[in-house]
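Below: one structure, written as structure tokens.
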Amino acid sequence: MIELATPFAPPRDTPSTADAMIVFENVEKWYGSFQVLKNINLTVAKGEKIVVCGPSGSGKSTLIRCINRLEEYRSGRILVDGIDLGASAKNVEAVRAEVGMVFQQFNLFPHLTVMQNCMLAPMRVRGIGTSEAEAIAMKYLKRVRIPEQAGKYPAQLSGGQQQRVAIARALCMTPKIMLFDEPTSALDPEMVKEVLDTMISLAEEGMTMLCVTHEMGFARSVADRVIFMDRGEIVEMDRPDRFFANPRNERTRSFLGQILNH
Amino acid sequence: MIRLFGSNEVLFILAGIQWTLLLSLIAFTGGGVFGLIIALSRTSTRASLRSIAAGYIDFFQGTPLLMQLFLVFYGMPVFGVKVSPWTAVTIGLTLHASAFLGEIWRGGIQAVPRGQTEAARALGLRYASRMRDIVLPQALRLSVAPTVGFLVQLIKGTSLASIVGFVELSRSAQIVASTTYKPLLAYGLAALLYFVICFPLSRFSLRLEQRFAAKT
């Protein structure tokens, strides 16, 4: 199939660098002799919502984990809100303070209450006092609709509630970017919706978001662009309507065929 | 002259307990402080720190406590530092305890799931906060039972201090045994006293172990 430029095509990889929140330039990463990221080039605009999908081991989690340097990369450059991640440890800390992340396994701190989970980073990283941190925590716990669980420990909550706390915990740092690494994959089916709803409302408020997920309904309704990764490369990247209706690459078609027909 | 095994002798042995307990307390506290440094070095991202800590642990785990005490007692004067038996055993036991506690806590630190550190990093927390607020509270909780278990070993280990001439529980029993010619009685009493201190601690350690096992 030939790639046609339509008048409505959004700039696929070229939001102007002025409003770029995240820029990947020729990023490569290896685990030993195995290449997990191959020549990644990607620019994410402020307020853009991007869904990354692909088979397991395709490098999609690694890609978003590079943005807050949970993964190192061998070559290339990543800029987050204009800050060069590779330049210094100080830069890494600056970026982490502005980038929130939600994990598949929630990773709440089990020895701290829900409230304390939310208060810790604002107090330690931003130097905010206890009462103000409490107010911030409460604000975002209300935001994810579980203020009544503030005094409980994570183990006392359901998976869906825990994941919403994890979202609130990240939001307490008032991040400019939110990264979601398969946020609903570890949840029981009946809890997926409450987490997706929280993510949708966040998207509606204009948060810049990168989500690794297999929730294709979410991708269709929320994403500005959908990225398909396979074997460490970005195989396809397009608006969701065209991505799902007209995938250009054979690998994308076969992947979509597998996950949409079950 | 043979003395009778009277109340004076019993009191003399009992008085030895305080030195045993004090020695244990100091070695455990000092060993705790240095042990934490050893554990953090052992889990550091810097390879040089890791191997220094590993070497330290290997040395103390690979040699008998008695040799360690001798090395301090006879070794320090070689470097021009003359030490009393009290100082020597305190230093020796502290070093010994720090290696063992360091190794126990290293295990605890590494048993904390990776995701905890990752979440802390992602929130922007720095190393000191990640350790103090997230990793160590969980690691120490996992290590409470083996830590108390080691404390029991340490209390019993203080009996070796008697060999370099420090008068604690074992040494007082030895003195009473040689003056009264009633070694079985003297050592039996000392053993009973060790047991009275150590047995509740062992039980406590076992209970903690069961409690944490039930939790996970």
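Just so you know, in the range B:182-208 the residues that are free of Cβ contacts under 8 Å to residues at least 24 places away in the same chain and either surrounded by 14 or more Cβ atoms within 10 Å (Cβ to Cβ) or within 14 Å of B:Ser159 (Cβ to Cβ) (or both) include one that is farthest from the chain's Cα centre (by Cα), and it is B:Tyr187.
Scanning the range A:83-98 for residues that are away from chain B (no Cβ under 13 Å) and touching a residue at least 24 places away in the same chain (Cβ under 8 Å) yields a total of 0. Those residues that are of a type in the set (Asp, Glu) and not in a strand (DSSP E or B), I need them from the range A:28-52; list them, please. A:Glu48, the sole residue that qualifies. Could you go through the range B:179-186 and let me know if any residue there is at the interface with another protein chain (Cβ under 10 Å from one of its Cβ atoms), on the phi > 0 side of the Ramachandran plot and assigned to a loop (DSSP other than H, G, I, E, B). No, the range B:179-186 has no match at all.
Rundown of residues vs (1) farther than 20 Å from A:Gly100 by Cα; (2) crowded, with 22+ Cβ neighbours inside 10 Å, yes/no style:
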residue	(1), (2)
A:Ala166	no, yes
A:Arg169	no, yes
A:Lys176	no, no
A:Arg220	yes, no
A:Ala223	no, yes
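Looking at B:Thr94, B:Thr45, just one residue is more than 14 Å from chain A (Cβ to nearest Cβ) and either without any contact (Cβ under 8 Å) to a residue 24 or more places away in the chain or β-branched (Val, Ile, Thr) (or both), and that residue is B:Thr94.
For the residues B:Leu22, B:Leu40, the requirement of being buried (at least 18 other Cβ atoms within 10 Å of the Cβ), of a type in the set (A, V, I, L, M) and out of contact with any Asp or Glu (no Cβ under 6 Å at 6 or more places or on another chain) singles out B:Leu40. Screening A:Asp181 on (1) of a type in the set (Asp, Glu); (2) within 14 Å of chain B (Cβ to nearest Cβ); (3) out of contact with any strand residue (DSSP E or B) (no Cβ under 7 Å at 6 or more places or on another chain) shows it passes everything except condition (3).
Mind telling me which of the residues A:Met209, A:Met191 ends up being of a type in the set (A, V, I, L, M) and surrounded by 22 or more Cβ atoms within 10 Å (Cβ to Cβ)? Checking each option against the conditions leaves just A:Met209. Just one of the listed residues (A:Glu134, A:Glu148) is charged (D, E, K, R), more than 30 Å from A:Gly82 (Cβ to Cβ) and either surrounded by 18 or more Cβ atoms within 10 Å (Cβ to Cβ) or within 13 Å of another protein chain (Cβ to nearest Cβ) (or both), namely A:Glu134. Evaluated against (1) surrounded by fewer than 24 Cβ atoms within 10 Å (Cβ to Cβ); (2) out of contact with any Ser or Thr (no Cβ under 8 Å at 6 or more places or on another chain), A:Leu141 falls short on exactly one condition, (1). Taking the conditions (1) loosely packed, with under 12 Cβ neighbours inside 10 Å; (2) touching a His at 6+ places or on another chain (Cβ under 6 Å) in turn, B:Gly62 satisfies each one other than (2). Going by the conditions given, is A:Val165 hydrophobic (A, V, I, L, M, F, W, C), assigned to a helix (DSSP H, G or I), within 14 Å of chain B (Cβ to nearest Cβ) and in contact with a Gly (Cβ under 8 Å, 6 or more places away or on another chain)? The answer is no for A:Val165.
With the structure loaded, tell me whether B:Phe34 is out of contact with any Ser or Thr (no Cβ under 9 Å at 6 or more places or on another chain), surrounded by 14 or more Cβ atoms within 10 Å (Cβ to Cβ) and in contact (Cβ under 8 Å) with a residue 60 or more places away in the chain or whether it fails that test. Considered against the rule, which asks whether it is out of contact with any Ser or Thr (no Cβ under 9 Å at 6 or more places or on another chain), surrounded by 14 or more Cβ atoms within 10 Å (Cβ to Cβ) and in contact (Cβ under 8 Å) with a residue 60 or more places away in the chain, B:Phe34 comes out as no.
When you scan the range B:165-178, do you find a residue that is away from chain A (no Cβ under 14 Å), crowded, with 19+ Cβ neighbours inside 10 Å and free of Cβ contacts under 8 Å to residues at least 12 places away in the same chain, even just one? Checked the range B:165-178: at least one residue is away from chain A (no Cβ under 14 Å), crowded, with 19+ Cβ neighbours inside 10 Å and free of Cβ contacts under 8 Å to residues at least 12 places away in the same chain. Out of all the residues in the range A:86-115, which are crowded, with 22+ Cβ neighbours inside 10 Å, in a helix (DSSP H, G or I) and touching a helix residue (DSSP H, G or I) at 6+ places or on another chain (Cβ under 7 Å)? Hits for the range A:86-115 are A:Arg96, A:Val114.
Matching residues to (1) in contact with a strand residue (DSSP E or B) (Cβ under 9 Å, 6 or more places away or on another chain); (2) within 13 Å of chain A (Cβ to nearest Cβ); (3) aliphatic (A, V, I, L, M):
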| site | (1), (2), (3) |
| --- | --- |
| B:Leu101 | no, no, yes |
| B:Ile104 | no, no, yes |
| B:Gln110 | no, no, no |
| B:Thr117 | no, yes, no |
| B:Ala122 | yes, yes, yes |
| B:Leu125 | no, yes, yes |
| B:Arg132 | no, yes, no |
| B:Val135 | no, yes, yes |
| B:Leu142 | no, yes, yes |
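Of all residues in the range A:52-82, those that are away from chain B (no Cβ under 14 Å) and either surrounded by fewer than 22 Cβ atoms within 10 Å (Cβ to Cβ) or not β-branched (Val, Ile, Thr) (or both) total 17. The condition (being in contact (Cβ under 8 Å) with a residue 60 or more places away in the chain and on the phi < 0 side of the Ramachandran plot) is satisfied by just one residue among A:Met207, A:Met191: A:Met207. Cβ separations smaller than 9 Å between residues 6+ apart or across chains give the following pairs from the range A:116-129 residues that are within 9 Å of chain B (Cβ to nearest Cβ) and within 13 Å of B:Gly124 (Cα to Cα) to residues that are crowded, with 19+ Cβ neighbours inside 10 Å and among the aromatic types (Phe, Trp, Tyr): A:Leu120/A:Phe109.
Against the numbered list (1) surrounded by fewer than 19 Cβ atoms within 10 Å (Cβ to Cβ); (2) without any contact (Cβ under 8 Å) to a residue 12 or more places away in the chain, A:Leu157 comes up short only at (2).
Read-outs throughout are calculated quantities, based only on the coordinates presented, and are distinct from any laboratory measurement. Since this is a predicted model, take the numbers as computed values, not measurements. Cβ: placed from backbone, ideal geometry, glycine included. Neighbour counts: every protein chain shown.
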